[in-house]
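Beneath this line is the structure, given in C-alpha cells, with notes to follow.
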Amino acid sequence: PPMKTDQKKLDPSNPTYSFTKVLHHYFFVSYVIVLLLCLGFLKHVPFTDIETDIFSITVYLTYSLIYLLFSIIATYIVNLLRMVNKFKHSRPLFYFICTVAIITTAFTNMMIFADYKIFTMFGFHFNGFVWNLITTPGGIRSMGADLSTHISVALFAMFFVLMQIALLYGINKLLSNN
C-alpha cells in the first residue's frame, strides 16, 4: 500500500527529509537559547584582563553546551531506535523522541532560568541549601512564597515547554517542506 504523507516524512529513504537533521537544527537553536539564558551571568564577571576575558567567554560557550548534553544524549539514544527496521515508520516512536527532546530541553532551560533568578536574588547558584529549601515541607513558604509564586513557576514552566514545542515543530515543518 502507498505511504501516507506523514509516513513519507518519517521515511529515512526519502532524500528530502531527515529527522536526525531536524534534531541537529533543533539542538543548535536550543544551544543559542541556552546562551541567551546564560548571558546574564556574564555581567557579574569582572572583565579586567585578556586572560579573564578568554576564560570567561570559553566557560560561557562550553558550559552552555554542557548544560544541554543530557538532552542531546537522551534524545539521540532514543532516536537510534528508529534505525531498527521494525521502528522506521513508527509514529509513536517519533512522538516519543519529540517528547524526550522537548521535556529535557525545557527542563534544562527552566533550571538555568531558576539558577539565574536565585543568583540575582541571593548571590549564589543552585546548591544543596536551595535544594533543601525546595524539598523540605514549608521551606519555600518560609521564604515568602504564596499561591502567586506557584502560579508564576507554572507559567514559566509552560512557557519553556511551549517554546520548545514551537521550536521543534517549526524546524520540522521548515525542513520537511524543502
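Please give the per residue accessible area of the stretch 41-178, computed with a probe of 1.4 Å over protein heavy atoms only, in Å². Can you show the working numbers first?
Details: 8940 Å² over 138 residues.
Here the per-residue accessible area is 65 Å².
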**Message:** I'd like the carbon and sulfur percentage of the solvent accessible area for the chain, probe radius 1.4 Å, heavy atoms only, ligands and nucleic acids excluded.
**Reply:** 73
**Message:** For the ranges 67-74, 144-151, what's the packing order if you count other beta-carbon atoms within 10 Å of each residue, average per peptide, and put the highest first?
**Reply:** 67-74, 144-151
**Prompt:** Given +1 on the Cβ of Lys and Arg, -1 on the Cβ of Asp and Glu, and no further charges, what dipole in debye does the stretch 71-178 carry about its Cα centre, rounded to the nearest 20?
**Reply:** 540
**Request:** Could you tell me what % of all Cα pairs in the chain have separations over 30 Å?
**Result:** 34
**Request:** Could you tell me whether the stretch 98-178 comes out rounded, prolate or oblate from its Cα gyration tensor? Rule is a ≥ b ≥ c as square roots of the eigenvalues, rounded for a/c under 1.5, then prolate if a/b exceeds b/c, otherwise oblate.
**Result:** prolate
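Using only helices, what value at 222 nm comes out for the chain when you add -39,500 (n - 2.57) per DSSP H run of length 4 or more and divide by the total residues, to the nearest 500 deg cm²/dmol?
For the chain, the value works out to -25500 deg cm²/dmol.
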**Dipole of the stretch 20-178, positive direction: furthest Cα of Phe129, Val161, Leu39, with charges on the beta-carbon** = Val161
**Message:** Once you keep just the Cα pairs under 8 angstrom separated by 6 or more residues, what percentage relative contact order results for the stretch 50-178?
**Reply:** 23
**Complete:** Number of Lys pairs in the chain closer than 20 Å at Cα, excluding neighbours under 8 places apart unless interchain, is 15
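The values are calculated or read from the model by the stated rules, or taken from the named source; none is laboratory data. These numbers were taken from a predicted model, which means no experiment stands behind them. So basically every Cβ, Gly included, is an ideal-geometry build from the backbone, and we count neighbours across all protein chains shown. Note: accessible area is taken over every heavy atom of the protein model, side chains too, but ligands, DNA and RNA are not part of it. Shrake-Rupley method; radii C 1.70, N 1.55, O 1.52, S 1.80 Å.
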